[in-house]
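Visitor: Submitted below is the structure of interest, expressed as structure tokens.
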Amino acid sequence: MASQPLIAIVGATGAQGSSVLSTYLNTTSWRIRALTRSVSSSKAKALTERSSRIEVAEANLNDIASLRKAFEGAIAIFGVTDFWTLISDESNKAKVKDGQSFAEWGAEMEVQQGKNIFEAANQVSSLKRLVFSSLTDITKWSGGKYTYALHFDSKAIALKHAEEHFPNVYAKTSILVAGAYLENFKQNPFFKPKLEGEALIFNSFGTGNRPWPFIAAEEDTGSIVKALIELPAGLRVAAHRELKVMSDVVQLIGKAAGYEVRLEQQEFPLPDDLKKDLANIFGFVNEFGYWGNDPSIKQPEELGVELRLGSIEDWVKAQDWSKELNG
Ligand SMILES: NC(=O)c1ccc[n+]([C@@H]2O[C@H](COP(=O)([O-])OP(=O)(O)OC[C@H]3O[C@@H](n4cnc5c(N)ncnc54)[C@H](OP(=O)(O)O)[C@@H]3O)[C@@H](O)[C@H]2O)c1
């Protein structure tokens, strides 16, 4: 029904956006527009088949006109940008400028994607709330010590631009700062453990004793975004279930999977620019914590809304580790 409020979800086929979509599917009073680069991809087709309440719309973060069209009539927008897709496409290497590395190009493009979300949202007269997925401004909160956290700072730079250039939309915006995904332990080759005999070998990343915030992005993002849509704008929320040191999380996985655990600090098999990006992020988190000393950050429990996020252990126990490790 056209009279029902509409939410437009960027990245609806991805981890964060699919969680927002699932939450709003359970909220029968909303219409859902799921944005994707290709309506004919298998993930987009699966959304069309999942429910007649989902309208799948083609839009590209690199193309403001397509975003503008896909945001039309929305009361709420969930916006997420994607550094990793940009730099996973080898053909993009031809677009790198002189003196720029591929990751630096990716970060510059991700800044532009964020700006595009705000610029397109600025033209949506029906808009009441934009929830933008960002990360910590590491250059700022490290006092200039860590200046190469490319894919964190890129999201923060886009926000700063929005604050200056699109104050009307910025005034309707709340910010989600996603913690490290628990799903990384199943899907990301650098986090996923390797089975060697009776031991599970995890990369320690040199994270030391500093606790990290972990989120089950596919399960948790939606309820936090819904809270941010219902609450007044101007919130910046640390989106996570719990803080835990990496060595404790991997012990939980070892216990659930039935193996002893070994942590080894391994080199990232990555180009130098990405190694430097990750080293800056891990260095920052070790020294300053994931959010630095940003006083505006609110913890989920400070929202005053029941989010039912569960614990890290709940998530670990719910996974089929024999399938994950042997699949
Ligand atoms: N992994 C972590 O621990 C972690 C933690 C915090 C934040 N993040 C951030 O999360 C972001 C990615 O979000 P995610 O994990 O939810 O996504 P994801 O699962 O990696 O999937 C990528 C999503 O982005 C969409 N997308 C990619 N390029 C696009 C473009 N040019 N135009 C429109 N849509 C595009 C894809 O849609 P289609 O393919 O359907 O077009 C897909 O829905 C990254 O920027 C990353 O830095 C990750």
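Visitor: What's the number of the only condition in (1) within 19 Å of the chain's Cα centre (by Cα); (2) surrounded by 17 or more Cβ atoms within 10 Å (Cβ to Cβ); (3) in a helix (DSSP H, G or I); (4) free of Cβ contacts under 8 Å to residues at least 60 places away in the same chain that Arg68 fails to meet?
Guide: So Arg68 meets the others, but not (1).
Visitor: I would also like to ask the following. Of the residues that make up the range 247-262, is at least one among the hydrophobic types (A, V, I, L, M, F, W, C) and without any contact (Cβ under 8 Å) to a residue 40 or more places away in the chain?
Guide: Looking for residues that are among the hydrophobic types (A, V, I, L, M, F, W, C) and without any contact (Cβ under 8 Å) to a residue 40 or more places away in the chain, one finds none in the range 247-262, hence no.
Visitor: Return the only residue of Ser19, Ser29, Ser38 being out of contact with any strand residue (DSSP E or B) (no Cβ under 9 Å at 6 or more places or on another chain) and either over 19 Å from Ile229 (Cβ atoms) or in a loop (DSSP other than H, G, I, E, B) (or both).
Guide: So the residue among Ser19, Ser29, Ser38 that is out of contact with any strand residue (DSSP E or B) (no Cβ under 9 Å at 6 or more places or on another chain) and either over 19 Å from Ile229 (Cβ atoms) or in a loop (DSSP other than H, G, I, E, B) (or both) is Ser29.
Visitor: Pick out the one residue from Gly292, Gly254, Gly310 that is farther than 28 Å from Ala107 by Cα and in a loop (DSSP other than H, G, I, E, B).
Guide: Matching residue, one of Gly292, Gly254, Gly310: Gly310.
Visitor: Please state which of the following conditions Lys323 fails to meet, knowing it meets all the rest: (1) modelled with pLDDT of 95 or more; (2) surrounded by fewer than 17 Cβ atoms within 10 Å (Cβ to Cβ).
Guide: (1)
Visitor: Quick one: which residue in Ala149, Ala180, Ala171 is under 30 Å from Ala256 (Cβ atoms), out of contact with any Lys or Arg (no Cβ under 9 Å at 6 or more places or on another chain) and modelled with pLDDT of 95 or more?
Guide: Result of the check over Ala149, Ala180, Ala171: Ala180.
Visitor: Checking Tyr259 against (1) surrounded by fewer than 19 Cβ atoms within 10 Å (Cβ to Cβ); (2) away from the ligand (no atom under 15 Å from the Cβ); (3) under 20 Å from Lys317 (Cβ atoms); (4) not hydrophobic (A, V, I, L, M, F, W, C), only one condition comes out false. Which one?
Guide: Among (1) surrounded by fewer than 19 Cβ atoms within 10 Å (Cβ to Cβ); (2) away from the ligand (no atom under 15 Å from the Cβ); (3) under 20 Å from Lys317 (Cβ atoms); (4) not hydrophobic (A, V, I, L, M, F, W, C), Tyr259 violates only (1).
Visitor: Going by the structure shown, is Ile87 outside any loop (DSSP other than H, G, I, E, B), touching a residue at least 60 places away in the same chain (Cβ under 8 Å), within 16 Å of Ile9 (Cα to Cα) and of a type outside the set (D, E, K, R)?
Guide: No; evaluated as a whole, the condition is false for this residue.
Visitor: Still on this structure: Take Glu55 and tell me if it is acidic (Asp, Glu), within 20 Å of Lys226 (Cβ to Cβ) and either more than 8 Å from the ligand (Cβ to nearest atom) or modelled with pLDDT of 95 or more (or both).
Guide: The answer is yes for Glu55.
Visitor: Go through the range 13-34 and give me each residue that's more than 6 Å from the ligand (Cβ to nearest atom) and among the aliphatic types (A, V, I, L, M).
Guide: Val20, Leu21, Leu25, Ile32, Ala34 - these are the residues of the range 13-34 that are more than 6 Å from the ligand (Cβ to nearest atom) and among the aliphatic types (A, V, I, L, M).
Visitor: With the requirement that a residue be near the ligand (Cβ under 6 Å from one of its atoms) and either aliphatic (A, V, I, L, M) or surrounded by 15 or more Cβ atoms within 10 Å (Cβ to Cβ) (or both), what does the range 71-90 give you?
Guide: Val80, Thr81, Asp82, Phe83, Thr85
Visitor: Then there is this: Which of (1) under 21 Å from Phe78 (Cα atoms); (2) in contact with a Lys or Arg (Cβ under 7 Å, 6 or more places away or on another chain); (3) part of a helix (DSSP H, G or I) does Glu163 not meet, given it meets every other one?
Guide: (2)
The values are calculated or read from the model by the stated rules, or taken from the named source; none is laboratory data. Predicted, not measured: the structure shown is a model, and the values here were computed from it. Quick reminder, even Gly has a Cβ in these numbers, built from the backbone with ideal geometry, and neighbours come from all protein chains shown.
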